[in-house]
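Peer 1: Before anything else, here's the structure in question.
The values are calculated or read from the model by the stated rules, or taken from the named source; none is laboratory data. This structure is a prediction, so every number in the text was calculated from the model and none was measured. Using ideal geometry, Cβ is built from the backbone for each residue, glycine included, and neighbour counts are taken over all protein chains shown. Protein only, heavy atoms only, side chains kept; ligands, DNA and RNA dropped before computing areas. Shrake-Rupley method; radii C 1.70, N 1.55, O 1.52, S 1.80 Å.
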Amino acid sequence: MQSCESSSESTDDPLRRGPRIHRQPRIVVIGAGLAGLAATKTLLRHGFTDVTVLEASDHIGGRVQSVQHGKANLEFGATWIHGANGNPVYHLAEENGLLEHTTDGEKSVGRISLYTKNGLAHYHTNAGKRIPKDVVEEFGDLYNEVYELTQEFFQNGKPVCAESQNSVGVFTRDVVRKRITMDPEDPESNKKLKLSLLQQYLKVESCESSSPSMDEVSLSEFGEWTEIPGAHYVIPEGFMKIVQLLSQDIPSRTICLSKPVRCIHWNYSSQHQEAIAKTSDTNQLNNHNENHHGSQPRDDPLILGHPIYVECEDEEWITADHVIVTASLGVLKQNHEAMFSPSLPEDKVLAIEKLGISTTNKIFLEYEEPFWSPECNSIQFVWEDEAQLEELVYSEELWYKKICCFDVLYPPERYGYMLNGWICGQEALHMERCDDETVAEICTELLRRFTGNRSIPKPRRVLRSSWGSNPFIRGSYSFTRVGSSGGDFERLATPLPYANSTKASPLQVLFAGEATHRKYYSTTHGALLSGQREATRLIEMYR
């Protein structure tokens with residue numbers, strides 16, 4: 001998948017009578033994740049032949065990463081198909097037999113809470129005591145009631161009071177604490193445990209939202225994220241099977257791996273026509289990168305009819321009529337100034353800055369034998385000394401306090417004896433900077449401390465994700481941060497140049513990826529649908 005040579009242009013091609021150009025349009029897709037692959041597959045299926053995919057890393061899949069481990073596939077990235085009814089990822093998996101061996105423990109109905117499966121979650125305090133099951137259930141019922149209230153602000157148009165600071169975390173802590181403390185029949189000892197449980201639940205929630213804290217998640221927008229009806233599914237053969245299905249009809253020469261993009265020079269004709277007309281000194285452009293194949297700036301887009309050239313890190317320049325950008329929100333936040341010339345419009349920059357993305361990482365611990373009981377499906381860490389804290393902020397050396405739990409992977413016939421820990425926010429980045437031995441020691445000490453079992457052995461192996469420090473990802477997935485709205489996802493998705501720019505060639509730069517889908521952001525189906533959406537824009541333009 002290394003060649004970036006353009007596909008041949010057919011003179012009798014059915015698209016040649018398009019609105020602007022009398023040849024196949026040249027389309028560059030940046031990123032070979034679900035959005036980029038879905039866009040490419042859709043374009044090829046509709047007769048577009050001059051399509052090139054530029055992928056910065058050495059593999060396809062983006063934030064899907066299934067790691068083969070014995071008989072099992074460990075998901076470092078996307079794990080679930082969220083909902084079945086109308087979910088294109090579900091239908092792709094179902095039609096290709098990927099769910100035939102999904103066990104009942106790998107399906108769940110209702111709201112996902114990290115891993116939900118058969119068995120019982122064990123909640124332990126940092127004093128090494130297990131919280132009674134009835135106390136956990138009482139608190140869980142209360143928390144779920146308040147969670148439903150957080151959905152109503154968007155769904156029912158309820159006004160947000162100033163005291164909540166428009167924050168899911170602030171609102172939830174305030175309401176739950178009041179209900180706990182005002183219950184006259186509950187013993188004080190139970191109240192203290194429930195206040196500690198609240199902080200643990202919010203840590204779990206922030207891992208699910210991929211936010212540093214639920215205090216940063218917008219209360220007024222929280223209910224707009226739309227859940228597809230039906231169960232949630234794990235794919236036993238690995239989520240990468242979905243990636244392979246999307247890519248199987250894409251010719252290998254179409255995808256260029258290890259091909260990071262430095263800058264997208266868009267609206268080239270409009271921006272530089274006057275400058276080019278005033279000077280005949282093109283030696284600098286002509287001499288630049290002469291030894292590389294493909295289109296370079298010396299191929300004047302005014303002559304070729306291409307309004308864009310894509311400058312790659314390896315100094316290659318590739319001309320295009322349209323570019324579909326599927327870079328993550330994290331990459332756009334860090335690189336948008338250097339990545340686009342001319343700069344992005346101010347409203348699009350504001351959308352990038354206002355929307356949130358953080359890092360949720362997994363820590364897999366493998367053991368020779370289980371030290372947990374057969375009915376235990378997770379070990380939850382409840383810090384009693386955090387019960388009254390308003391904001392959970394940890395110094396770098398205390399990063400481990402953000403680990404909310406370790407889930408047991410089922411079935412053991414497939415996974416062996418494996419725990420999956422969760423950590424998010426800045427603390428996840430601190431974890432990434434530690435070596436495996438340090439992580440193994442810290443996790444072992446945590447498990448011993450919370451379970452009260454000092455004989456728990458160190459794991460025989462540690463595996464973990466590192467989405468925050470990955471230069472081509474920079475985070476896990478997006479959320480509506482306080483101050484942002486669903487409209488920001490739509491602003492991010494709006495193609496350039498804007499429609500009111502009458503002189504410029506239309507649909508030059510299009511945007512796809514989970515952070516461009518207003519209702520399905522943060523999901524694999526949102527990413528896939530966004531890629532299809534942008535491909536459809538181009539298909540309809542040339543129809």
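Peer 1: When residues of the range 518-536 are filtered for being closer than 19 Å to Ser484 by Cα and in a helix (DSSP H, G or I), how many remain? Reasoning before the result, please.
Peer 2: So in the range 518-536, the residues closer than 19 Å to Ser484 by Cα come out as 518-523, 526.
Now narrow it down to the ones that are in a helix (DSSP H, G or I): 526.
Qualifying residue count, the range 518-536: 1.
Peer 1: Could you list, in sequence order, the residues of the range 175-229 that are of a type in the set (Ser, Thr, Tyr), assigned to a loop (DSSP other than H, G, I, E, B), open to solvent by 10 Å² or more (accessible area, probe 1.4 Å) and over 20 Å from Glu145 (Cβ atoms)?
Peer 2: Ser213, Thr226
Peer 1: Would it be correct to say that Glu311 is among the acidic types (Asp, Glu) and out of contact with any Phe, Trp or Tyr (no Cβ under 6 Å at 6 or more places or on another chain)?
Peer 2: The answer is no for Glu311.
Peer 1: Might you let me know whether the range 236-250 holds any residue that is farther than 26 Å from Ala387 by Cβ, surrounded by fewer than 23 Cβ atoms within 10 Å (Cβ to Cβ) and aromatic (Phe, Trp, Tyr)?
Peer 2: no
Peer 1: In addition: Can you name the residue in the range 154-174 that is part of a helix (DSSP H, G or I), charged (D, E, K, R) and open to solvent by 40 Å² or more (accessible area, probe 1.4 Å) and is also modelled with the highest pLDDT among such residues?
Peer 2: If we take residues in the range 154-174 being part of a helix (DSSP H, G or I), charged (D, E, K, R) and open to solvent by 40 Å² or more (accessible area, probe 1.4 Å), then Asp174 is modelled with the highest pLDDT.
Peer 1: Specify the residue that is surrounded by the fewest Cβ atoms within 10 Å (Cβ to Cβ); the eligible residues are those in the range 445-496 that are touching a Ser or Thr at 6+ places or on another chain (Cβ under 9 Å) and aliphatic (A, V, I, L, M).
Peer 2: So the residue we want is Ile456.
Peer 1: Kindly check whether there is at least one residue in the range 135-153 that is in a loop (DSSP other than H, G, I, E, B) and open to solvent by less than 20 Å² (accessible area, probe 1.4 Å).
Peer 2: no
Peer 1: Enumerate the helices (runs of 4 or more DSSP H) found wholly within the range 388-483, keeping only those where 1 or more residues are within 25 Å of the chain's Cα centre (by Cα) and among the β-branched types (Val, Ile, Thr).
Peer 2: 436-451
Peer 1: Here's another thing I want to ask about it. Which count do you get for residues in the range 85-98 that are surrounded by 20 or more Cβ atoms within 10 Å (Cβ to Cβ) and either in a loop (DSSP other than H, G, I, E, B) or modelled with pLDDT under 95 (or both)?
Peer 2: The qualifying residues number 2.
Peer 1: Just one of Asn377, Asn361 is at pLDDT below 95, under 30 Å from Gly128 (Cα atoms) and not in a loop (DSSP other than H, G, I, E, B); which is it?
Peer 2: Asn377
Peer 1: Kindly indicate the residue of the range 497-536 that is among the aromatic types (Phe, Trp, Tyr) and farther than 25 Å from Arg45 by Cβ and also most open to solvent (accessible area, probe 1.4 Å) among those meeting that condition.
Peer 2: Tyr498
This table checks each residue for (1) open to solvent by less than 50 Å² (accessible area, probe 1.4 Å); (2) touching a Ser or Thr at 6+ places or on another chain (Cβ under 6 Å); (3) of a type in the set (A, V, I, L, M); (4) modelled with pLDDT of 95 or more.
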| position | (1), (2), (3), (4) |
| --- | --- |
| Ser258 | no, no, no, yes |
| Trp266 | yes, no, no, yes |
| Glu274 | no, no, no, no |
| Thr282 | no, no, no, no |
| His292 | no, no, no, no |
| Gln296 | yes, no, no, no |
| Ile303 | no, no, yes, no |
| Thr319 | yes, yes, no, yes |
| Thr326 | yes, no, no, yes |
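Peer 1: For the condition in a loop (DSSP other than H, G, I, E, B) and at pLDDT 95 or above, what is the one hit in Gly110, Gly77?
Peer 2: Criteria check complete, one pass: Gly77.
Peer 1: Right, something else. If Gly513 satisfies all but one of (1) at pLDDT 95 or above; (2) under 28 Å from Gln24 (Cβ atoms); (3) more than 16 Å from the chain's Cα centre (by Cα), what's the number of the condition it fails?
Peer 2: Condition not satisfied by Gly513: (3).
Peer 1: Quick one: Leu120 ticks every box in (1) open to solvent by 20 Å² or more (accessible area, probe 1.4 Å); (2) of a type outside the set (D, E, K, R); (3) within 29 Å of Ile363 (Cβ to Cβ); (4) modelled with pLDDT of 95 or more bar one, so which box is it?
Peer 2: Of everything listed in (1) open to solvent by 20 Å² or more (accessible area, probe 1.4 Å); (2) of a type outside the set (D, E, K, R); (3) within 29 Å of Ile363 (Cβ to Cβ); (4) modelled with pLDDT of 95 or more, Leu120 misses just condition (4).
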